[in-house]
Amino acid sequence: MSAHRTTVAGVAVDTRHSIGGERVASAATFTDVSPVDGSVLGEIARGTATEARAAVAAAWAAFPDWAATPRAERARLLRAVADGVEKRLEELAVVETYDNGALLRSHRRGVMPRVAHNFRFFADRLLELDHADFDTRGHTNRVSWDPAGPCVLITPWNAPLLLATWKVAPALAAGDTVVLKPAEWSPLTASLLADIAAGAGLPAGVLNVVQGYGAEIGDVLTGHPDVRRISFTGSVPTARRVAASAAAHLTPVSLELGGKSPLLVFADADLDLAADLAVEQYDNAGQVCLAATRILVEETVAAEFTRRFTERAARLRQGDPRDAATDIGPVIHPRQLEKIDGFVRRALDDGARAVIGGHRSDSRRSDGHRSDGLRGGGLHYPPTLLTGVAQRSEIVQEEVFGPVLTLQTFTGEDEAVRLANDTRFGLAATVATGDPARARRVTARLVAGTVWVNCFYVRDLRAPFGGSRLSGVGREGGTWSFDFYCDLKNTVTGPKGWADHG
Ligand code: NAD
């Protein structure tokens, strides 16, 4: 490890910013610690206003040429980035696991292939992007998606590279240039992406990565007059600051925020499937924005559902995320563990009952030694299910972002829908039912950006993605991404007035 470089599981990672095709250091650094084993992964350049402004300036300087680059060439370069991701897939998977603690097998099989797919998908989509001309009394209307300018993309730690590239790929496809600000708890794969993009031949300044604390450089980036789009994924309080800062120049903002999504289990559902879907919500130790953390079960089947659920949950193995047998790894950071524990303790004080879990896995004995036998960074929180929770209580209304589910019962569709919609969020909802007519009735009444029926987490990049209410503003995905990252223009050409050009 040096001031400029570190090695994580044999993979060299540059810890400096990537600005205008150069690696740039800062006077200060911050320490990146692994949730896997508590080891120090690196000393990361801690950006200041100077580096943040330099990154926007580099994106601004690179914009005219990138915007003028023919679509086919932009698509070719995006595919070359996808190739680069695939070539380094194993390295990316390992580094991401060390950095954020999510399962190595998920990074290998699911996440990193999807990172590559983000680039290929938007390369393909760019080449298809078209709107038929139309006529107004002999005048021709032509719709175009024009590149907008430099974009600031700000991402969280729970799925670092996946969420970053879900923004980077469409922004670059659109002809925009990018300043990416990864989360301070998991900055490493963004730095590797900068290397991959440079290796793929992306021109200098088209993709810039600036690291550091959001509280220190966020406003500089989001309030910069030369920034044309801001896409943010993270928490509601930060989103408010981003939106307020962007308001100075009325910079368009796309916000992908938290959730408190319901899983509705009707009495006519396949209860094995419903229990499988419920247990899936513990993936990534519950640090998933889309997680259906509120299980709502029809009263008549609640006991049987709970039995099948607890049977499955008991089989989940908590442990080292590098181990292929592990189902649930550590949470990302001691602060996150404290936050989760606080939510659960307050819920229990408030009268909730823990069906499973309900206490820290690494509770310390009075002699100071951990009593759980879980090795590593000590950041494990056990899968928890709470019942006896009131609808207006904190545990039902607020996002925990950990492996904590609540279970409530309902009688009939009206009550199910009322409870499901009764939070400030509206990111996703999952419905388990054996009746297609019921599925249609219920899904039509749910407030959510994505609704799954008898499935979970199936995402197609052609679909719109985003949240309603406090879960977000706007939709990205498919053509909606281009609508956001581009300046849409309609050019109307009159029937007369052309000189004769032969
Ligand atoms: P966070 O809001 O604390 O941080 C997100 C990012 O914002 C980080 O990069 C951080 O450095 C930056 N930031 C902090 N202050 C800033 C400021 N003043 N200006 C600009 N940027 C600033 O969120 P988090 O804890 O990293 O992530 C968890 C949250 O993200 C959860 O609420 C989760 O639901 C949400 N999330 C949403 C989605 C989605 O697609 N809807 C996906 C994943 C996570």
Need a quick list: strands (runs of 3 or more DSSP E) entirely within segment 204-263 having at least 1 residues that are at pLDDT 95 or above and more than 12 Å from the ligand (Cβ to nearest atom).
207-209, 229-233
Given the criterion touching a strand residue (DSSP E or B) at 6+ places or on another chain (Cβ under 8 Å), within 15 Å of the ligand (Cβ to nearest atom) and either on the phi > 0 side of the Ramachandran plot or not basic (Lys, Arg) (or both), identify the matching residue among Gly449, Gly494.
Gly449
Scope segment 459-490; condition within 13 Å of the ligand (Cβ to nearest atom) and among the acidic types (Asp, Glu); matching residues
Glu476
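Residues checked against (1) within 31 Å of the chain's Cα centre (by Cα); (2) in a strand (DSSP E or B); (3) away from the ligand (no atom under 13 Å from the Cβ):
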position	(1), (2), (3)
Arg125	yes, no, yes
Asp130	yes, no, yes
Asp135	no, yes, yes
Thr140	no, yes, yes
Asp146	yes, yes, yes
Cys151	yes, yes, yes
Trp157	yes, no, no
Leu161	yes, no, no
Ala164	yes, no, no
Could you please find all residues in segment 375-392 being small (Gly, Ala, Ser), out of contact with any Lys or Arg (no Cβ under 6 Å at 6 or more places or on another chain) and under 15 Å from Ile295 (Cα atoms)?
Ala390
Considering (1) assigned to a loop (DSSP other than H, G, I, E, B); (2) crowded, with 24+ Cβ neighbours inside 10 Å, say which one Leu193 fails and leave the rest.
(1)
Restrict the check to segment 259-270 and report whether at least one residue is under 29 Å from Leu446 (Cβ atoms) and polar (S, T, N, Q).
yes
Taking segment 433-454, which residues are of a type in the set (A, V, I, L, M) and in a helix (DSSP H, G or I)?
Ala437, Ala439, Val442, Ala444
Residues that are farther than 22 Å from Phe401 by Cα, outside the structural domain of Leu126 (by TED's automatic domain parsing) and open to solvent by less than 20 Å² (accessible area, probe 1.4 Å), drawn from segment 462-479
none
Condition first: of a type in the set (A, V, I, L, M, F, W, C), away from the ligand (no atom under 16 Å from the Cβ) and over 21 Å from the mean Cα position of the chain (by Cα). Can you find one or more residues in segment 166-186 that meet it?
no
In segment 272-294, is there at least one residue being away from the ligand (no atom under 16 Å from the Cβ) and outside any helix (DSSP H, G or I)?
no
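The values are calculated or read from the model by the stated rules, or taken from the named source; none is laboratory data. These figures come from a predicted structure and were not determined experimentally. Virtual Cβ from ideal backbone geometry, glycine too; neighbours counted across all protein chains shown. For the accessible areas, the whole protein counts, side chains as well, though only heavy atoms, and no ligand, DNA or RNA atoms are used. Shrake-Rupley method; radii C 1.70, N 1.55, O 1.52, S 1.80 Å.
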